[in-house]
Amino acid sequence: MARIKVMVVDDSAVVRQVVAGLLDHDPDIEVIGAAADPLLAMSRMAVQWPDVIVLDIEMPRMDGITFLKKIMSERPTPVIICSTLTEKGAQTSMAALAAGAVAIITKPKIGLKQFLQDATEDLVAAIKTAARANVRKLQVVEKNSADVILQAATRQGGAMLQTTERVVALGTSTGGTQALEAVLTRLPRVCPGIVIVQHMPEKFTAEFANRLNGLCEIEVREGQNNDRVVPGRAIIAPGGAHMMMRRSGAQYSVEIMNGPLVNRHRPSVDVLFRSVAKCAGANALGVIMTGMGDDGAAGLAEMRKAGARTLGQNEDSCVVYGMPKEAMKRGGVEREVPLGAIAREILNFGS
């Protein structure tokens, strides 16, 4: 198999040198160039086009967002944003994801060289995922299950019949920012309450939720403890924390909590889906969307077993057909539907 050709575009000489050196140690990756700004990168890419671009945002002569939009309009190529973890950086990174970037790697302002060395496995995994991303259509840790956060549902009792309030749980990862925007912007305020896990770093989820809130008719917010799950509201799990749905009588709310990584993620789709299976059962719709890996596959199967309706995004409309594929293999998906049909399915479920 041919090695993945990578271009690194960053105005920091340290980043270019360290990233290129670290990536070249992976037998599946070849760094074909490192440029200090997009104009230099374009001249080198004219000779040899990369499979994946690792891109900074704030650079001289041309900023990363402008360069990204140019690339996606002329020759769509998987792009990984390497951005400083700040509130301002979160805003520009959200703009990058909206423009077509497939992933974000956050970097600190200090201790950069050590951070890059420590984050090599995350960056390599992101590059290998990005190389398989369908951009035209649009870390090694112990792999815990959701058992480390909450136990699986037991046989449902009659208490589940005390409410008929319907809820929707969405789980997604790579490509999910654009996919969620496509779904949520089509929903009216009469839709069921929605809980969402999008794999995303801490601080970025708040900006993502704010951006969607400005685009959507429904309310979109980053989850906080005890937020009510009500019709016309979508709650996105905060980066760096798990989110579970709870129920008191006929009312649903969310609980935000720390805890171990689950399926190498925090927040984890499996944690959310399991909690929905336990407290909503047949009153829930679970939807698993574009993303790499298998987070959510087990949880969606638990939701279906508890009586929930379940959907998977189909392969043709996914940026990465990983999570829906695994959920289908494990029997969690009732039906697969294209991205453009998910909003309609949510409305039909709520009616």
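What follows draws every value from the coordinates through simple rules; no lab data is involved. Every value quoted in this text rests on a predicted model; they were computed, and no experiment measured them. Don't worry about glycine lacking a Cβ; one is built from the backbone with ideal geometry, like all the others, and counts go over all protein chains shown.
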With the cut-off at 22 Å, tell me which of the pairs 70/325; 70/203; 5/128 have Cα atoms farther apart than that.
70/325; 70/203
Give me the Å³ per residue figure for the convex hull around the C-alpha atoms of the chain.
125 Å³
Segment 14-105: GluC sites (Glu not before Pro) falling in loop per DSSP and having at most 16 other Cβ within 10 Å:
58
Name the long-range amide H neighbours of residue 195: under 5 Å, sequence gap of 5 or more, or other chain; modelled H, no Pro or chain starts.
168, 169, 170, 235
Segment 199-351 - Kirkwood radius from inverse mean 1/r over Cα pairs (Å):
15.7 Å
In nm, to one decimal, how far is the modelled label at residue 3 from the one at residue 190, with both set 7 Å along Cα→Cβ?
5.9 nm
Is it possible to state the helix-based mean residue ellipticity at 222 nm for the chain, with each DSSP H run of 4+ residues giving -39500 (n - 2.57), the sum divided by total residues, to the nearest 500 deg cm²/dmol? What is it?
-10500 deg cm²/dmol
Residue 215 versus residue 43: modelled label distance in nm, points set 7 Å from Cα along the beta carbon direction
3.6 nm
Would you please give the FRET efficiency between residue 70 and residue 248, computed as 1/(1 + (r/R0)^6) with r the Cβ-Cβ distance and R0 = 45 Å, to the nearest 0.05?
0.30
Can you give the Rg to Rh ratio for segment 4-131, taking only C-alpha atoms and Rh from Kirkwood?
0.92
